[in-house]
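Student: Please find one structure pasted underneath; my questions will follow.
The values are calculated or read from the model by the stated rules, or taken from the named source; none is laboratory data. Please read these numbers as outputs of a predicted model, since none were measured by experiment. Methodologically, a virtual Cβ is constructed for each residue, glycine included, from the backbone with ideal geometry; neighbour enumeration extends over all protein chains shown.
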Amino acid sequence: MLRKVLEGLWRLETGLVAGLMLATSVLVFAQVLTRYIFLYSVPWMEELTRFLMIWMVLLGTSVAVKQKQHIVIDLVDIIVKNPRLLAYYRIGLCLAGVVFSITLAVLSYTVVERTASYGQLSGAMRIPMYLANGSFLIASLLMIVHYLEALFTNPYSREAEEALQASRS
């Protein structure tokens, strides 16, 4: 059941990132048309493009975490030859990612809560700014889910144990 929920979440996430990328591309193209052909700039288009791009990038970070393509120093992978130590290192990376993501979620929640309480609106579209700021909160929660998924499914230790068994035989 949990596997299906995680798979559905993954599909939603990647679909959102793809949809946001498409929407951003269409809006940028429309901005170019209105600005250089019709000599008129639509202010809300630029603001919406900016907000969509922020959401796309931040949701993309959680996609990168899920695909294990997030920033990491791979020098340790090259230097450390012991599969068990390498597994512990990778588990430590997941734990560090969880701690970072929880910190980001807590701080983001504070920003979203304050922005909502102040009633701050965007300049051109007049939408609540907590919708833009909420991207950090949602992305950090998704990163927590992906780091925990990697930690509990723990493909690293299985790889390490198989490599260790292979080296012993």
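Student: Inspect all residues belonging to the stretch 123-130 and state whether any of them is surrounded by fewer than 16 Cβ atoms within 10 Å (Cβ to Cβ) and in a helix (DSSP H, G or I).
Tutor: No: the stretch 123-130 contains no residue that is surrounded by fewer than 16 Cβ atoms within 10 Å (Cβ to Cβ) and in a helix (DSSP H, G or I).
Student: Still on this structure, please answer the following. Which residues, taken from the stretch 29-55, are more than 22 Å from Arg126 (Cβ to Cβ) and of a type in the set (A, V, I, L, M, F, W, C)?
Tutor: Phe29, Val32, Leu33, Ile37, Phe38, Leu39
Student: Okay, moving on. Determine which single condition Leu48 fails, assuming it passes every other condition in (1) touching a residue at least 60 places away in the same chain (Cβ under 8 Å); (2) in a loop (DSSP other than H, G, I, E, B).
Tutor: Exception for Leu48: condition (2).
Student: Further question on the same structure: What's the total number of residues in the stretch 58-87 that are in a helix (DSSP H, G or I) and either under 17 Å from the mean Cα position of the chain (by Cα) or within 14 Å of Ala150 (Cβ to Cβ) (or both)?
Tutor: Count: 10.
Student: Now for a different question. Looking at (1) at pLDDT below 90; (2) surrounded by 14 or more Cβ atoms within 10 Å (Cβ to Cβ); (3) in contact with a Lys or Arg (Cβ under 9 Å, 6 or more places away or on another chain); (4) not β-branched (Val, Ile, Thr), find the lone condition where Glu149 falls short.
Tutor: Single failed check for Glu149: (1).
Student: Okay, moving on. So, in the stretch 110-136, how many residues would count as being small (Gly, Ala, Ser), over 23 Å from Met45 (Cβ atoms) and touching a helix residue (DSSP H, G or I) at 6+ places or on another chain (Cβ under 8 Å)?
Tutor: 1
Student: Out of the residues in the stretch 74-87 that are free of Cβ contacts under 8 Å to residues at least 60 places away in the same chain and touching a helix residue (DSSP H, G or I) at 6+ places or on another chain (Cβ under 9 Å), state the one that is farthest from Phe29 (Cα to Cα).
Tutor: Asn82
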